[in-house]
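What follows is a single structure, written as structure tokens, with notes after it.
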Amino acid sequence: MEKISVCLTRSIIGRNKKQKDTVYALGLKKIGDRVEHNKNSQILGMINKVKFLLDVKEV
């Protein structure tokens, strides 16, 4: 299965609760955190909701 590397590049301060919860659900807590996820529709949907806060690369 393909993997996606996700990095939090912008702060979540001042964002609404849904956006903060989505970032936390992706496993990101602070700027610079990087996690890898399997590429599936659930993860891609979560990334799409907060894509302006993230840096996404295929591994």
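I want the local charge near LYS18. Using Cβ-Cβ distances under 15 Å, sum +1 for each Lys or Arg and -1 for each Asp or Glu among the other residues.
Local charge sum for LYS18: +4.
Once you have the Cα-Cα distance between LYS49 and ARG15, take 0.36 nm times their residue separation minus that, and quote the gain in nm to one decimal.
So the extension gain works out to 11.0 nm.
Counting each DSSP H run of 4 or more residues in the chain as -39500 (n - 2.57), what helix-only mean residue ellipticity at 222 nm follows after dividing by all residues, to the nearest 500 deg cm²/dmol?
For the chain, the value works out to -8500 deg cm²/dmol.
Karplus couplings for the range 6-14 from phi (6.51 cos²θ - 1.76 cosθ + 1.60, θ = phi - 60°), rounded to Hz, Gly and Pro as x?
10, 10, 7, 10, 10, 6, 9, 5, x
Sort 19-28, 33-42 by packing, meaning the average of other beta carbons within 10 Å per residue, with the highest value first.
The peptides rank, most packed first, as 19-28, 33-42.
Residues with amide H under 5 Å of LYS39's amide H, sequence separation 5 or more or different chain, H placed in the peptide plane at 1.01 Å from N; which?
GLU2, LYS3, ILE4
Read-outs: derived from the displayed coordinates by stated rules, not from any lab. Only a predicted model underlies this, so the values are computations on that prediction, with no experimental measurement involved. Don't worry about glycine lacking a Cβ; one is built from the backbone with ideal geometry, like all the others, and counts go over all protein chains shown.
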